[in-house]
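*Asks:* First the structure, which I've put down as structure tokens, then a few questions once you've had a look.
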Amino acid sequence: QVQLVESGGGLVQAGGSLRLSCAASGRTFSSSAMAWFRQAPGKEREFVATISRSSGSTLYADSVKGRFTISRDNAENTVYLQMNSLKPEDTAVYYCAAKYGRYGGSYYADYDYWGQGTQVTVSS
């Protein structure tokens, strides 16, 4: 069992930066691939980024590649999402997700545990 709690969301102007954190409880964090998804109003949940359990592999959505960076600290049971050059279209609720195993992927249904989400709003 893994419990996930996101933090770090807020209101930022276009071009600004935010760093999201996701703190995990439970002993399976280091055995789990982690990911960030987001959901804007009226839209489906979409994949943002994933990182393998050893941090050796990452994958990004094309829409955030080069602007966002996912990382993790297994000693602190925390995964991060550094978001730079934010755009209004990045506005969404951002969710942290965990999938037991080495690699995650971009399909939300593959993930076993979810956080409650944190709101990110980018003003133009």
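The values are calculated or read from the model by the stated rules, or taken from the named source; none is laboratory data. Keep in mind that what you see is a predicted model, and the values were worked out from it rather than measured. Neighbour counts are summed over all protein chains in view; Cβ atoms, including those assigned to glycine, are modelled from backbone coordinates with ideal geometry. With ligands, DNA and RNA removed, areas are computed over all heavy atoms of the protein, side chains included. Shrake-Rupley method; radii C 1.70, N 1.55, O 1.52, S 1.80 Å.
*Asks:* Could you derive backbone 3J(HN,Hα) for region 69-81 from the dihedral phi with the Karplus parameters 6.51, -1.76 and 1.60 (θ = phi - 60°), listing whole Hz in sequence and x where the residue is Gly or Pro?
*Replies:* Per-residue couplings from phi come out as 9, 9, 8, 8, 10, 5, 5, 9, 6, 9, 10, 10, 9 Hz.
*Asks:* So, one more: Of Gln3, Phe47, Gly66, which is farthest towards the positive pole of the chain's charge dipole, taken about the Cα centre with +1 and -1 on the beta-carbons of Lys, Arg and Asp, Glu respectively?
*Replies:* The listed residue farthest towards the positive side: Gly66.
*Asks:* Specify the longest stretch of the chain that does not include any exposed loop site, a site being one of the GluC sites (Glu not before Pro) with a non-H, G, I, E, B DSSP assignment and at most 14 other Cβ atoms within 10 Å. Intermediate results must be reported in sequence, preceding the final value.
*Replies:* On the way: sites that count: Glu44, Glu76.
Free of exposed loop sites, the longest segment is 77-124.
*Asks:* Hey, another quick one. With every protein chain kept in place and ligands, DNA and RNA left out, what is the accessible area per residue of the chain? Probe 1.4 Å, answer in Å². The partial results should precede the final answer.
*Replies:* On the way: 6300 Å² over 124 residues.
Per residue, the chain has an accessible area of 51 Å².
*Asks:* Taking a cut-off of 17 Å between Cα atoms, list the aspartates and glutamates near Lys65, but don't count ones fewer than 8 places away on the same chain.
*Replies:* Answer for Lys65, where 17 Å is the Cα cut-off: Glu46, Glu89, Asp90, listed by chain and number.
*Asks:* Take the alpha-carbon centre of region 79-124, take the same for region 1-51, and report the distance between them in whole Å.
*Replies:* If you average the Cα positions of each part, the centres end up 4 Å apart.
*Asks:* Using DSSP loop states and a limit of at most 16 other Cβ atoms within 10 Å to flag chymotrypsin sites (Phe, Trp or Tyr not before Pro), what is the longest stretch of the chain containing no flagged site?
*Replies:* Working: sites that count: Tyr103, Tyr107.
Here the longest segment lacking exposed loop sites spans 1-102.
*Asks:* Round to a whole number: what % of the accessible area of region 6-112 belongs to carbon and sulfur, probe 1.4 Å?
*Replies:* Details: 2360 of 5300 Å².
Here carbon and sulfur together make up 45 percent of the probe-accessible area.
*Asks:* Still on this model: Which net charge results for the neighbourhood of Ser85, defined as the other residues with beta-carbon distances under 14 angstrom from its beta-carbon, given Lys and Arg at +1 and Asp and Glu at -1? Intermediate results must be reported in sequence, preceding the final value.
*Replies:* Details: positive: Arg19, Lys65, Arg67, Lys87; negative: Glu89, Asp90.
Around Ser85, the charge tally is +2.
*Asks:* Can you pull out the trypsin sites (Lys or Arg not before Pro) in region 37-124 whose DSSP state is coil and whose Cβ has at most 12 other Cβ atoms within 10 Å? Let's see the in-between values first.
*Replies:* Numbers: sites: Arg38, Lys43, Arg45, Arg53, Lys65, Arg67, Arg72, Lys99, Arg102; in loops: Lys43, Arg45, Arg53, Lys65, Arg67, Arg102.
Answer in residue order: Lys43, Lys65.
*Asks:* In whole Å, what are the extents of the chain along the principal axes defined by its C-alpha atoms, from largest to smallest?
*Replies:* 41, 27, 23
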